[in-house]
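Okay, so here's the structure we're looking at.
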Amino acid sequence: MRRTIVITGGTDGIGKARARHHTEQGDLVIAVGSSAAGGRRLREEVPAARFVQADLSSIRQTRGLIRELRDEHPVIDALVLGAFRYNPTRIETPEGFEHTFALYVINRWLMAEGLRESLEKARTPVIVNLCGVGGIRAGEIHWDDPQLTEGYRPFRATMQGARAVELLGMAYAGERTSYVLYNPLFVATGMFKPFRQPVRGLVRLMSAVFAQPVARAVPPIAALIDRPPAGPLTAYRKGRSVGLTVDRDLALRFEKTVHTMATSLPR
Ligand SMILES: NC(=O)c1ccc[n+]([C@@H]2O[C@H](COP(=O)([O-])OP(=O)(O)OC[C@H]3O[C@@H](n4cnc5c(N)ncnc54)[C@H](OP(=O)(O)O)[C@@H]3O)[C@@H](O)[C@H]2O)c1
């Protein structure tokens, strides 16, 4: 049966490899990225995938994308959340949010919530959230200053995002949808691009030597989409199931905070 699979960050790295894999299986793939260049690359390399251009760090553009997806695809089998950008310096979006938080946290929450109905209608619905958790004890929520207006550091922002995603997974209340937190660990993608020299060269070199080729990161994620795990929330690190110790009350409190932020802009 032809499935419908939405992949944010589907124009590069792990997302693009996923798009290739699923179109080869005959699935309908909708790949979202922010740049026209990414769309061109996808059209050349994975012509069967459908490209949608949207800046997912924008709440308004995310809402527009959700509306479009809901109208065109009443049934969505899988939502892969992979849009991400590492920001060496603090960037504020035009809507007033720190960029990492807007893209990694608010967007992923909006996508999962906004497509809930379409997912729930699928035979075996699954959300795969590509992230940096999975048993790694790092990162904390800066409750007093989640937008990191003071003391922004890129690693701090990234790891706060990773922890946030874990809490949002715990708070997600799909009735049938399996929510999977998936940390692929070190995969050779274009992740060196945002860094400035000399760090850029160093990350590129480390990636070439130590990282897993992107094609090898695909099969374990594909298996989770083909046969979603039982249970509302599971976590994996490079294909291996790992335990989660997330406080549900804390998760619900955090979700409420994100909900307030995401609905603070008029529709
Ligand atoms: N690679 C690793 O070693 C690794 C390790 C742990 C976790 N992960 C996670 O896996 C996921 C994918 O990583 P990757 O290394 O494959 O990433 P990547 O190669 O850097 O690709 C990032 C994707 O996100 C899109 N994107 C970036 N900003 C966007 C925006 N504002 N709106 C819409 N799309 C946007 C990019 O397209 P445009 O540039 O056109 O916007 C691109 O398609 C991420 O969530 C990452 O946290 C990766």
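Report, by chain and number, residues whose modeled amide H sits under 5 Å from the one on SER178, excluding near sequence neighbours (fewer than 5 apart, same chain).
Placed amide hydrogens put VAL126, ILE127 under 5 Å from SER178.
Taking segment 63-204, how much of its Cα-Cα pair set, in percent, is spaced more than 24 angstrom apart?
Working: 3666 of 10011 pairs.
Tail fraction, whole percent: 37.
With +1 on each Lys and Arg Cβ and -1 on each Asp and Glu Cβ, how big is the dipole of segment 31-172 about its Cα centre, in debye rounded to the nearest 20?
Details: 18 positive and 18 negative charges, 71 e Å.
My answer is approximately 340 debye.
Using a Gaussian network for the chain with springs between C-alpha atoms less than 10 Å apart, which of these wobbles most: GLY15, GLY139, GLY243?
GLY243
Beta carbons within 10 angstrom, averaged per residue: use that to sort the peptides 41-48, 7-14, highest first. Show your work: numbers first, answer last.
Working: 41-48: 14.9, 7-14: 25.8.
Ranking the peptides 41-48, 7-14 by packing returns 7-14, 41-48.
Roughly how big is the chain's charge dipole about its Cα centre, with Cβ charges of +1 (Lys, Arg) and -1 (Asp, Glu), in debye to the nearest 20? Don't skip to the end; give the middle numbers.
On the way: 37 positive and 26 negative charges, 153 e Å.
In debye, rounded to 20, the chain gives about 740.
Which cross-chain or sequence-distant (5 or more) residues have an amide H under 5 Å from the amide H of LEU185, H modelled 1.01 Å from N in plane?
It is LYS238, by chain and number.
Run lengths n ≥ 4 of DSSP H only: what is the helix-derived mean residue ellipticity at 222 nm for the chain, with -39500 (n - 2.57) per run over all residues, to the nearest 500? Provide the component values of the computation, followed by the final result.
Details: 9 runs with 107 residues, N = 267.
Taking each H run of at least 4 residues, the total per residue is -12500 deg cm²/dmol.
What part of the accessible area of segment 22-119, given as a whole %, is carbon or sulfur when the probe is 1.4 angstrom? Display every interim value, and only then the final one.
Numbers: 1820 of 3960 Å².
Looking at segment 22-119 in its full context, I get 46 percent from C and S.
Using the Cα centre of segment 112-237 as origin and beta-carbon charges of +1 (Lys, Arg) and -1 (Asp, Glu), tell me which of ALA122, ALA171, PHE210 is placed farthest towards the positive end of the dipole.
PHE210
Over the Cα atoms of the chain, what is the Rg over Rh ratio if Rh follows Kirkwood? Walk me through the intermediate numbers first.
Numbers: Rg = 17.2 Å, Rh = 18.5 Å.
Here Rg/Rh amounts to 0.93.
Going 7 Å from the Cα of ARG43 along its beta-carbon direction, which residues of segment 61-78 have the amide nitrogen within less than 16 Å of the resulting point?
Answer for segment 61-78: none.
What are the lysines whose alpha-carbon lies under 26 Å from the alpha-carbon of LYS121, with same-chain residues fewer than 8 places away excluded?
Result set, ordered by chain and number: LYS16, LYS256.
Cα centroids of segment 1-73 and segment 172-215: how far apart, whole angstrom?
Cα centres, segment 1-73 to segment 172-215: 18 Å.
Give me the extension gain from THR149 to SER264: residue separation times 0.36 nm, minus the current Cα-Cα distance, reported in nm with one decimal.
On the way: separation 115, 0.36 × 115 = 41.40 nm, distance 1.84 nm.
Extending this stretch completely gives an extra 39.6 nm.
Restricting things to alpha carbons, find the Rg to Rh ratio for segment 214-267 using the Kirkwood radius for Rh.
In segment 214-267, Rg relative to Rh is 1.14.
Could you go through segment 26-42 in sequence order and give the Karplus-derived ³J(HN,Hα) for each residue, using 6.51 cos²θ - 1.76 cosθ + 1.60 with θ = phi - 60°, rounded to whole Hz, and x for Gly and Pro?
Per-residue couplings from phi come out as x, 7, 8, 10, 10, 10, 10, x, 8, 10, 5, 4, x, x, 5, 4, 5 Hz.
The values are calculated or read from the model by the stated rules, or taken from the named source; none is laboratory data. Keep in mind that this is a model prediction, so the values were computed, not measured. With ideal geometry, Cβ positions are generated from the backbone for all residues, glycine too; neighbour counts draw on all protein chains shown. Just so you know, the surface numbers come from the protein's heavy atoms only, side chains and all, with ligands and any DNA or RNA stripped out. Shrake-Rupley method; radii C 1.70, N 1.55, O 1.52, S 1.80 Å.
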